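The values are calculated or read from the model by the stated rules, or taken from the named source; none is laboratory data. Everything quoted here is computed from the prediction, not taken from an experiment. Virtual Cβ from ideal backbone geometry, glycine too; neighbours counted across all protein chains shown. Remember, those area values only see protein heavy atoms, side chains included, never the ligands or the DNA or RNA. Shrake-Rupley method; radii C 1.70, N 1.55, O 1.52, S 1.80 Å.
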Amino acid sequence: MAMLMDTRLLLRKVKDLRSLTPRRNRVKEKWAATRPKYPPTSLALQHFDATYSAQLGQLWPSVRVALLSERKYGALLNNFSHDAILEDLRAKGCRDFINDTDTVAQPCLEEGPVAGVKEESSDVPVKKSDIDGQQLSPLRLSPHIKCAVFPRGDITRFKPARPDMHKLLGYYLMDAASVLPCLAMDVQEGHNVLDLCAAPGGKTLTLLQTQSIRFLCVNDTSVSRTLRLRKVLHSYVPKEFLTERNLRITSFDGTKWGEIERETFDRVLVDVPCTTDRHSVIEDDNNIFSKTRTGERRRLPQVQLELLLAGIEAACPGGEIMYSTCTLSQIQNLSVVEQAIHLAREKHGIRLEVVDLRPLTRMFRKTFHFAPDLHLGEMVIPHLAANFGPIYMCKLRRLT
């Protein structure tokens, strides 16, 4: 027995490499200047654990696991390509989730304002459940958009898209939930559309797939990101659709757009910069939780509010504004929308109503996992079986 104990002690010492190192050569591990002791990903996860555990409650553990797992992509089909892409993807097990919906199983709700979030009563929001009894008509969607996804639970990766005979790529890989705000915008023939924070270009490309837009204005504050956006468009869209008559690409400060063009656009997409939750817990590079970007992160809600107000001013009366983010944060989502509705009325005399997007969640519940009980807007939350998102969206209609 004593020999057995001695052998165990010897093996433990052999496994501990420090016991083989002379004591005089043992040093405490040092952190290089380029290797932060607390990387941005760790700081982001700590922040999310503290914030989202209270916000999401029992949902947070599953959402957390999904955020830290490999994300799932969709293939936005390029209507300008001449290859039969959809048939090839279906042969591999994909489906076009937009045309394979669950509209029959559940009657949709009417597209209409959510009670209590009109500007007259924005100080006392009323939950959607207060209008559950209303019988409403289906939500209208932007036409011609197709996006292929693998079934729930299938984590197969898409292969890179190949160019057709005209050197246009057949599909664009993106988070399939990012297509939903563009679908819900209800872009119709002859509309003038503004994409206020457009780079890197996935949602801009989605809007162009409707082939209904008379004029599209695409803006992003960052010049380098705008250059990347141009490359994306030239890889997917024929040159005759990228003329100055159809498209304008700018790099202005989006928060000042109300001073540039007022009451001009039928549809405005305000896909604001945010904490990009999934990127923040996965990648240290270009991470908003880097200590050098603390001030930028703290200013985000104010910047988002200013961008949304600028988008509201740019929309014409009767036009619609889609606000979207890729964060779970209530401060960056619901709070920004509520403040914008209030300030638009108080400072600019603009009356708004919120369009109910619940029909969208019922149509696409086979594909996405939606957050329950939001009193303003809708949100796709990550789930291991459907690891898309997070994407928050809220649609406003300008009345005056």
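So how do 82-88, 387-393 stack up, highest first, on mean other-Cβ count within 10 Å? It would help to have the intermediate numbers written out before the result.
Numbers: 82-88: 14.3, 387-393: 25.9.
The peptides rank, most packed first, as 387-393, 82-88.
Evaluate the Debye formula for region 327-374 with equal point scatterers sitting on the alpha carbons, no solvent, and hand back log10 of I(q)/I(0) at q = 0.16, 0.19, 0.27, 0.29 Å⁻¹, in q order, two decimals. Scattering profile of region 327-374, log10 relative to I(0): -0.62, -0.78, -1.03, -1.08.
Among the listed pairs LYS231/LYS291; LYS231/LYS366; LYS366/LYS395; LYS72/LYS366; LYS203/LYS347; LYS159/LYS395, those with a Cα-Cα distance over 25 Å are LYS231/LYS291; LYS231/LYS366; LYS203/LYS347; LYS159/LYS395. The convex hull defined by the C-alpha atoms of region 280-400 has an orientation-averaged projected area of 8.6 nm².
A compact globular protein would have a Cα radius of gyration near 2.2 N^0.38 Å; the ratio found for region 241-330 is 1.27.
With the convex hull drawn around the C-alpha atoms of region 156-289, the volume per residue stands at 134 Å³. Net length available on complete extension from HIS234 to GLU296 is 19.1 nm, with 0.36 nm assigned per residue and the Cα-Cα distance removed. For region 200-249, with all protein chains in place and a probe radius of 1.4 Å, 53% of the accessible heavy-atom surface sits on carbon or sulfur.
Taking only the Cα atoms of region 357-400, the ratio Rg/Rh comes out at 1.04, with Rh defined as the Kirkwood radius.
Using the Cβ-Cβ distance between GLN46 and ARG157 with R0 = 25 Å, the FRET efficiency computed as 1/(1 + (r/R0)^6) comes to roughly 0.25. Extension gain, MET165 to GLU263: 0.36 nm times the residue separation minus the Cα-Cα distance gives 31.2 nm.
Note on region 138-198: percent of Cα-Cα distances in each 10 Å bin, starting at 0 and stopping at the bin with the largest distance, equals 16, 38, 36, 10. Taking amide H atoms as placed 1.01 Å from N in the peptide plane, the amide H of THR250 lies under 5 Å from those of VAL218, ASN219, ASP220, each 5 or more residues away in sequence or on another chain.
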